[in-house]
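Written below as structure tokens is the structure these notes are about.
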Amino acid sequence: MGSFLIGLRQGDWLTLERVKRLAIVFAALSFTVLCLDAWAHTRFGVVNAGGEQLGRDFVNYWSGARLALHGNAGLAYRINDFLAYERSLTAPNAEFKWYGYPPVAMVLAAPFGALPFIPAFALWTVTGWGVLAGMLTRRLGAAFAVIAVLGAPAFMLNAMSGQNGAFSAALLAGGVLLLDRRPLLSGVLFGLLCYKPHMGVLIPVALIAGGRWKATAAASAAVIGVVCASVLLVGWQPWVAFLHNAPFHRQILEGQPGIWFRMPSLYLAGRLIGAPSGLAYAAQALSALGAAAVVIAIWRGGASTTLKGAGLMVATFLATPYVWDYDMVVLLFAAIWVWMEAEQGRWPPWEKSALAVVVAAPVILPIFSTFAHLQFGPLVLWCMLALILRRARPELFEGHGPPLIPGSLVNDR
């Protein structure tokens, strides 16, 4: 056990060459699983024998976009009517789904709603994959970027779920990558995350702490612009209906233990060990405040923008009670950025192993949640955030180890 812990602490087992080999293995496994999943869900049209749709949640985005294109967006927020509409487009026994996103999501997904279901789902999946790979090409090379994204467990889960984790990752990571060179466009990308507001909850904190006023203004303008565009396209009534349904979304979070194993939030970590909902929310609130404080500390320092972005990404998962394993696609960027920074300086204890755990977390954590009723996600994420804080603000840890390379020396501007 001692040698095992020493190996994890030093991280020498995880070389770049081994990472590349593992990525190829996991990419092949991911591709195989996705193909088998698609085959299983097209044997009865676009559902399996139990009524589970191909792409699972994708039917929500597709159906909502089609309703908006046909001038009936409000139906998406009438839960029973929306289910009947989805079943009319897929199968009579299609499983229950509800539309939990603001009307801006309908506007952004409109191009997919204009296509038949299967081509739309294929385009949705391949587009997310291609955009993320394209964003990583400069750092990893085109071929390895394609493999790295496909091999990420979170991307596989995102593709199987038909979810928007790849697009959310593209907006958040893209905003970080463009922040120095094109702050206005960066702000626009950040602002577009308003379609999934809980994934952007710490963006204003980071931008204001970092004095990024152009990006802050652009993000605010983008939110206002896309909301106004949705009102012009679908009217006010869908917005009223969306807000009216908000309590239902909370009921889903609090009253559906069957989905908790896939949600690495502190609130649900507390619920899994039997904590009352109020106490679990209190713990989540403290986690959110702590995550915001760490983001402020990181973004007020002189670290590279990508390292600051990595801290923002990890902290986001500690600030919101509603987060899924497929949302963790964005942590692939955080891991790569930290790795590249470490390669130009040095690896402090535990950091390399922590990166491996964070990338593998979407498939590791549900096992503990399911069988042991323990959600270690917040612990893993807090450890990773602490390591990023140490790297970004080494002066706060003076006297606790040799200094790391200053972030300004590796700033990607």
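Suppose we filter Leu387, Leu379, Leu374 for residues that are surrounded by fewer than 24 Cβ atoms within 10 Å (Cβ to Cβ), over 20 Å from Ala166 (Cα atoms) and touching an Asp or Glu at 6+ places or on another chain (Cβ under 6 Å); which single one remains? Show your work before the answer.
Details: Leu379 fails: touching an Asp or Glu at 6+ places or on another chain (Cβ under 6 Å); Leu374 fails: touching an Asp or Glu at 6+ places or on another chain (Cβ under 6 Å).
Sole residue among the options that is surrounded by fewer than 24 Cβ atoms within 10 Å (Cβ to Cβ), over 20 Å from Ala166 (Cα atoms) and touching an Asp or Glu at 6+ places or on another chain (Cβ under 6 Å): Leu387.
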Residue within the stretch 330-351 that is touching a Phe, Trp or Tyr at 6+ places or on another chain (Cβ under 6 Å) and in a loop (DSSP other than H, G, I, E, B) present: no
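Rundown of residues vs (1) among the β-branched types (Val, Ile, Thr); (2) within 23 Å of the chain's Cα centre (by Cα), yes/no style:
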{"position": "Gly2", "(1), (2)": "no, no"}
{"position": "Gly7", "(1), (2)": "no, no"}
{"position": "Gly11", "(1), (2)": "no, no"}
{"position": "Arg18", "(1), (2)": "no, no"}
{"position": "Ile24", "(1), (2)": "yes, yes"}
{"position": "Asp37", "(1), (2)": "no, yes"}
{"position": "Val47", "(1), (2)": "yes, no"}
{"position": "Val59", "(1), (2)": "yes, yes"}
{"position": "Leu67", "(1), (2)": "no, no"}
The stretch 149-166 residues that are surrounded by fewer than 24 Cβ atoms within 10 Å (Cβ to Cβ), paired with ones that are at pLDDT 95 or above and of a type in the set (Asp, Glu) (beta carbon under 6 Å, 6 or more apart): Leu157/Asp325; Met160/Asp37; Ser161/Asp57; Gly162/Asp57
Pairs with Cβ under 9 Å, 6+ apart, first in the stretch 103-126 and more than 12 Å from Asn60 (Cα to Cα) and of a type in the set (S, T, N, Q), second at pLDDT 95 or above and not in a helix (DSSP H, G or I): Thr125/Gly55; Thr125/Gly162
Selection within the stretch 255-270 - surrounded by fewer than 14 Cβ atoms within 10 Å (Cβ to Cβ) and either hydrophobic (A, V, I, L, M, F, W, C) or in a helix (DSSP H, G or I) (or both): Gly255, Pro257, Gly258, Ile259
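For residues that are small (Gly, Ala, Ser), within 30 Å of Ala297 (Cα to Cα) and buried (at least 17 other Cβ atoms within 10 Å of the Cβ), tally how many sit in the stretch 198-254. First the steps, then the outcome.
Residues of the stretch 198-254 small (Gly, Ala, Ser): 200, 206, 209-211, 215, 217-222, 225, 229-230, 235, 241, 246.
Now restrict to residues that are within 30 Å of Ala297 (Cα to Cα): 200, 206, 209-211, 215, 217-222.
Applying the additional criterion that residues be buried (at least 17 other Cβ atoms within 10 Å of the Cβ) yields 200, 206, 209-210, 215, 218-219, 222.
Total meeting the criteria: 8.
In the stretch 271-320, what residues are of a type outside the set (A, V, I, L, M), assigned to a helix (DSSP H, G or I) and surrounded by fewer than 23 Cβ atoms within 10 Å (Cβ to Cβ)? Steps first, answer last, please.
Taking the stretch 271-320 first, the residues of a type outside the set (A, V, I, L, M) are 271, 274, 276-278, 281, 284, 287, 290, 299-302, 304-306, 308-309, 311, 316-317, 320.
Still in the running and assigned to a helix (DSSP H, G or I): 271, 277-278, 281, 284, 287, 290, 299, 305-306, 308-309, 311, 316-317.
Listed by number, the residues that qualify are Ser277, Gly278, Tyr281, Gln284, Gly290, Thr305.
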Segments classed as helices (runs of 4 or more DSSP H), wholly inside the stretch 13-93, with at least 2 members that are of a type in the set (Lys, Arg), surrounded by fewer than 20 Cβ atoms within 10 Å (Cβ to Cβ) and free of Cβ contacts under 8 Å to residues at least 40 places away in the same chain: 16-40
Pair list, Cβ under 8 Å, 6 or more apart: the stretch 172-197 residue of a type in the set (Lys, Arg), other residue in a loop (DSSP other than H, G, I, E, B) and crowded, with 24+ Cβ neighbours inside 10 Å: Lys196/Asn164
In the stretch 109-146, residue nearest to Gln237 (Cα to Cα) [restricted to those that are over 17 Å from the mean Cα position of the chain (by Cα) and surrounded by 22 or more Cβ atoms within 10 Å (Cβ to Cβ)]: Ala109
Members of the stretch 227-251 found to be part of a helix (DSSP H, G or I), touching a residue at least 12 places away in the same chain (Cβ under 8 Å) and closer than 16 Å to Arg78 by Cα, listed by number: Val234, Gln237, Pro238, Trp239, Ala241, Phe242, His244, Phe248, His249
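From the list Ala334, Ala303, Ala372, pick out the single residue that is over 23 Å from Ala285 (Cβ atoms), modelled with pLDDT under 95 and not β-branched (Val, Ile, Thr). Show your work before the answer.
Values: Ala334 fails: modelled with pLDDT under 95; Ala303 fails: modelled with pLDDT under 95.
Being over 23 Å from Ala285 (Cβ atoms), modelled with pLDDT under 95 and not β-branched (Val, Ile, Thr) holds for just one of Ala334, Ala303, Ala372, which is Ala372.
The values are calculated or read from the model by the stated rules, or taken from the named source; none is laboratory data. These numbers were taken from a predicted model, which means no experiment stands behind them. Note: ideal-geometry Cβ built from the backbone for every residue, glycine included; neighbour counts use all protein chains shown.
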